[in-house]
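Trainee: After the structure tokens below, expect a handful of questions from me.
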Amino acid sequence: MATHATERRLRSGEVLFLKNDPQDFLALVVSGCVYAMVYGPDGRELIVNNFQSGDVVGETALIDGRRRDTTAFVCGPTHILILRRHHFEPLTAEPLFLNRLLALLCSRLRDVAALIESVCLYRLESRLARYFVTAVDECGLEAPDGVLVPLPPSQSVLAAMVNASRPKLNAQLQAWRRSGLVSWTQGSLLITDVDQLRTMALDIA
């Protein structure tokens, strides 16, 4: 990557690649955030993955030559490194690299299975609770009145992550706020009762 990668700096909302584009590069996120998204026939958006600093985007390009199966766009100023297909051979010739690639693909498969389970089997309140429980476990910060977790950059992005319309998502968040379960400031959500949220996360529709 250090020898052959080229730098790109993208503005918020710019597209890294579109669904059905050729898989002719992979990208390493240096800073910022990249979302992978699919679209329904009615135009509804579903974010199936998000990539932060240190994550690889489009790694399936290393394995097959098929077309992209998602659209990837950036949120906020984002700095990435691009490695083109003709530079893949030295990487795929390294057994250690291949072992790490397999581990990454297994992790992606688990993420997709969890997403399918959540979208298909859980109602909105539970899907949203599952999202924030994961955020608590991964990056929650203890606060005097509960646990703080970062919010996505907009409610539209969060709605696309949990497969909901923005009005329904907002109504659910407001109901939680009125009950005292959550409150929020710019960029963060304060969860006052994580145990209650975990119970909601297990409530199958």
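Trainee: When you go through (1) open to solvent by 30 Å² or more (accessible area, probe 1.4 Å); (2) touching a residue at least 60 places away in the same chain (Cβ under 8 Å); (3) among the hydrophobic types (A, V, I, L, M, F, W, C); (4) farther than 30 Å from Asp195 by Cβ one by one for Ile80, which number turns out not to apply?
Mentor: (1)
Trainee: While we're on this one: For segment 55-78, how many residues are among the charged types (D, E, K, R), in a loop (DSSP other than H, G, I, E, B) and closer than 12 Å to Asp21 by Cβ?
Mentor: 3
Trainee: Select the helices (runs of 4 or more DSSP H) contained entirely in segment 83-145, then report the ones holding at least 3 residues which are touching a Leu at 6+ places or on another chain (Cβ under 9 Å). So that I can check it myself, show each step before the final result.
Mentor: On the way: elements: 89-92, 95-121, 124-139.
Correct list: 95-121, 124-139.
Trainee: Among (1) polar (S, T, N, Q); (2) more than 24 Å from Phe73 (Cα to Cα); (3) within 14 Å of the chain's Cα centre (by Cα), where does Ser154 come up short?
Mentor: (2)
Trainee: Another question, then. Considering every residue within segment 42-61, establish whether at least one is surrounded by fewer than 13 Cβ atoms within 10 Å (Cβ to Cβ), over 27 Å from Glu138 (Cβ atoms) and in contact (Cβ under 8 Å) with a residue 24 or more places away in the chain.
Mentor: No, segment 42-61 contains no residue that is surrounded by fewer than 13 Cβ atoms within 10 Å (Cβ to Cβ), over 27 Å from Glu138 (Cβ atoms) and in contact (Cβ under 8 Å) with a residue 24 or more places away in the chain.
Trainee: Checking Leu202 against (1) of a type outside the set (S, T, N, Q); (2) in contact with a helix residue (DSSP H, G or I) (Cβ under 6 Å, 6 or more places away or on another chain); (3) under 18 Å from Ala135 (Cα atoms): exactly one of these is not met. Which one?
Mentor: Of the numbered conditions (1) of a type outside the set (S, T, N, Q); (2) in contact with a helix residue (DSSP H, G or I) (Cβ under 6 Å, 6 or more places away or on another chain); (3) under 18 Å from Ala135 (Cα atoms), the odd one out for Leu202 is (2).
Trainee: Taking only pairs six or more apart or across chains, which ones have beta-carbon atoms under 6 Å, a first residue in segment 140-159 that is over 20 Å from Gln196 (Cβ atoms), and a second residue that is of a type in the set (D, E, K, R) and surrounded by 13 or more Cβ atoms within 10 Å (Cβ to Cβ)?
Mentor: Taking only residues 6 or more apart or on different chains, the pairs are Gln155/Arg166; Ser156/Arg166; Ala159/Arg166.
Trainee: So, one more: Return the residues of segment 62-76 that are in contact with a strand residue (DSSP E or B) (Cβ under 7 Å, 6 or more places away or on another chain) and touching a residue at least 40 places away in the same chain (Cβ under 8 Å); say none if nothing qualifies.
Mentor: Let us first name the residues in segment 62-76 that are in contact with a strand residue (DSSP E or B) (Cβ under 7 Å, 6 or more places away or on another chain), namely 62, 67-68, 70-75.
The answer is Arg67, Arg68, Thr70, Thr71, Ala72, Phe73, Val74, Cys75.
The values are calculated or read from the model by the stated rules, or taken from the named source; none is laboratory data. Computed from a prediction, not measured in an experiment: that's the story for all the values here. As a convention, Cβ positions derive from the backbone with ideal geometry for all residues, glycine included, and neighbour counts pool all protein chains shown. To get the accessible areas, we keep the full protein, side chains included, count just its heavy atoms, and leave off ligands, DNA and RNA. Shrake-Rupley method; radii C 1.70, N 1.55, O 1.52, S 1.80 Å.
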